[in-house]
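**Q** Right, I'll just put the structure down here and ask away after.
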């Protein structure tokens, strides 16, 4: 099983010990990033392993490899020597590992390490992409057989991530650390065991005087408690969410808590995908059993489905896929999730007499329009691309217009309920507004399907005008409960929501 390694990047040894104490229950190993220490502190590193009380990696990372050490190689080698000098017979008092880059060939350091049981991690870092010859480079990296190979690469797209997983399959005959940095690579840190990776590196996030050791690292508590890292094994069922850019999603927190509470051997992982084709290949490679589909793929997923539910066929939008012997089966849980949430918000049994504006014409808007029509509401569809608004509106004999000043004027006749379905205003760009030309009068009931941030700029303007508002969190949970049925083949357990804690 992969171990969790906490990267210690504080400026002082005392601060690093404090960080280790805070997260000790979540980690197995610590990496002392000497390059992050204040210069005076670097001379005191020798006693750190004894003070830490856990196996410690000695690392002095150069700037060109993503670290902070800017001195010459001579001074860096001298620091390595200080860390390995005066080794104790009790190996717990020595550094358990030392990270030596592939081009650092100092036989005296290697001899000193091996003599007293310090295991060598032979590493390389590619901060610009994934090597074409990744497997070959990893195989050539070891100087002798007892070394651990470490390859840290930076995938630029999901196709690169697929190459990392395939490289893992070709390098299972030796101990290694293989990981993808950055947003695309976060799932490789969660699924380190599937990669056959010896370690998964984490950082203490949002801690004073401690920098993130590498892009894409998770907080140790997040890795253990949200992603159930210590419970993952070869039999774990893999689910996920696919979208782009996928910076803001609470679905992993929800589903993984459900699996924990129900003692289900499964994990739900985010897969940001610039290409749906790459995700489908990765899903096959990893054996993903089901996935939530979000922006911008709810419509683009249709050609990959062997079976479409009646709702998917009617809406031409799918937010849930499940693997079957026949291929991928597609479902839409947005409809029920939305209408349940909307009726609870408005306190109505249906939408008779309500005039509704729907902002957007994508996959989520299709589900919203279908439910507004089913509930007997009259609606106006606004979208930046008017052709898309017209196509959606005509299916239900709704009005349509453009998401601009002209559309804002039309809204005055369809503003008892306003439903914002686009991703405009979602993190990481919360300052955007999908329809800045519309001025709320305070009587509208406004629902924005975005839930991160909790209050979008659009909702904030509505609140300031005196409107009743609701973000998309309630809908998220309701549609996820329906997804559970398709993922697990059974109804969502009664009373379980009372035990789920969401932020």
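We did not get these values from a lab; they are worked out from the coordinates using the rules stated. Given the structure is predicted, the values throughout are model-derived calculations rather than measurements. Using ideal geometry, Cβ is built from the backbone for each residue, glycine included, and neighbour counts are taken over all protein chains shown.
**Q** Here are some values of percent of Cα pairs over 38 Å apart: [x] 37; [y] 25; [z] 31. Which one was computed from this structure?
**A** [x]
**Q** How big is Rg to Rh over segment 390-457, alpha-carbon atoms, Rh as the Kirkwood inverse-mean-distance radius?
**A** On the way: Rg = 12.6 Å, Rh = 13.0 Å.
In segment 390-457, Rg relative to Rh is 0.97.
**Q** Next question. As an exercise, use a Förster radius of 22 Å and the Cβ-Cβ distance of residue 211 and residue 50 to find the FRET efficiency, rounded to the nearest 0.05.
**A** Efficiency at R0 = 22 Å is approximately 0.30.
**Q** So for segment 125-270, what are the equivalent ellipsoid semi-axes in whole Å, largest first, each being the square root of 5 times an eigenvalue of the Cα gyration tensor?
**A** Whole-Å semi-axes of the equivalent ellipsoid: 26, 18, 15.
**Q** What whole number of Å gives the distance from the Cα centroid of segment 354-379 to the Cα centroid of segment 249-267?
**A** Centre-to-centre (Cα) distance: 31 Å.
**Q** In Å, what Kirkwood hydrodynamic radius results for segment 108-182 from the alpha-carbon pair distances? Write down the numbers at each step before the final one.
**A** Numbers: mean 1/r = 0.0768 Å⁻¹.
About 13.0 Å for segment 108-182.
**Q** Okay, next question. Taking every Cα atom in segment 457-503, find the radius of gyration and the maximum pairwise distance Dmax, and write them in Å.
**A** 15.1, 45
**Q** If you don't mind, there's one more thing I want to ask. Report the calculated FRET efficiency for residue 299 and residue 374 (r = Cβ-Cβ distance, R0 = 22 Å), to the nearest 0.05.
**A** Efficiency computed from Cβ-Cβ geometry: 0.65.
**Q** Which order results if 346, 9 are arranged by neighbouring Cβ count within 10 Å, fewest first?
**A** The most exposed by this proxy come first: 346, 9.
**Q** For a label point 7 angstrom out from the Cα of residue 64 toward its Cβ, which stretches of segment 94-120 have the backbone nitrogen within less than 20 Å?
**A** Zone members listed by number: 99-107.
**Q** Once the Cα atoms of helix 158-169 and of the chain are each reduced to a long axis, what angle between those two axes, in degrees from 0 to 90 to the nearest 10, is obtained?
**A** Between the helix axis and the principal axis of the chain, the angle is about 40 degrees.
**Q** Okay, which of segment 1-43 sit inside 16 Å, backbone N to the point 7 Å along the Cα-Cβ direction of residue 85?
**A** Those under the cut-off are 40-43.
**Q** Would you list 456, 12, 118 from fewest to most Cβ contacts within 10 Å?
**A** Lowest to highest Cβ neighbour count: 12, 118, 456.
**Q** Given labels modelled 7 Å from the Cα in the Cβ direction, how far is it in nm from residue 285 to residue 433?
**A** Simple spin-label model gives 4.4 nm for this pair.
**Q** Applying 1/(1 + (r/R0)^6) with R0 = 30 Å to the Cβ-Cβ distance of residue 1 and residue 156, what FRET efficiency is obtained, to the nearest 0.05?
**A** It comes out at approximately 0.50.
**Q** Test of understanding: ordering 400, 328, 313 by Cβ neighbours within 10 Å, fewest first, what list do you get?
**A** Details: 400 22, 328 19, 313 14.
Fewest to most other Cβ atoms nearby, the residues stand as 313, 328, 400.
**Q** Expressed as a rounded percentage, what relative contact order does segment 335-471 have, with Cα pairs under 8 Å and six or more residues apart?
**A** Relative contact order of segment 335-471: 21 percent.
**Q** Return the ratio Rg/(2.2 N^0.38 Å) for segment 3-230, where Rg is computed over Cα atoms only.
**A** Ratio of Cα Rg to 2.2 N^0.38 Å: 0.95.
**Q** Quick check: residue separation of residue 396 and residue 136 times 0.36 nm, minus the Cα distance between them. What number comes out in nm?
**A** Length difference between fully extended and current span is 87.8 nm.
**Q** Next up: Considering segment 335-471, what Rg and Dmax in Å follow from its alpha-carbon atoms?
**A** Cα radius of gyration and Dmax of segment 335-471 are 13.3, 37 Å respectively.
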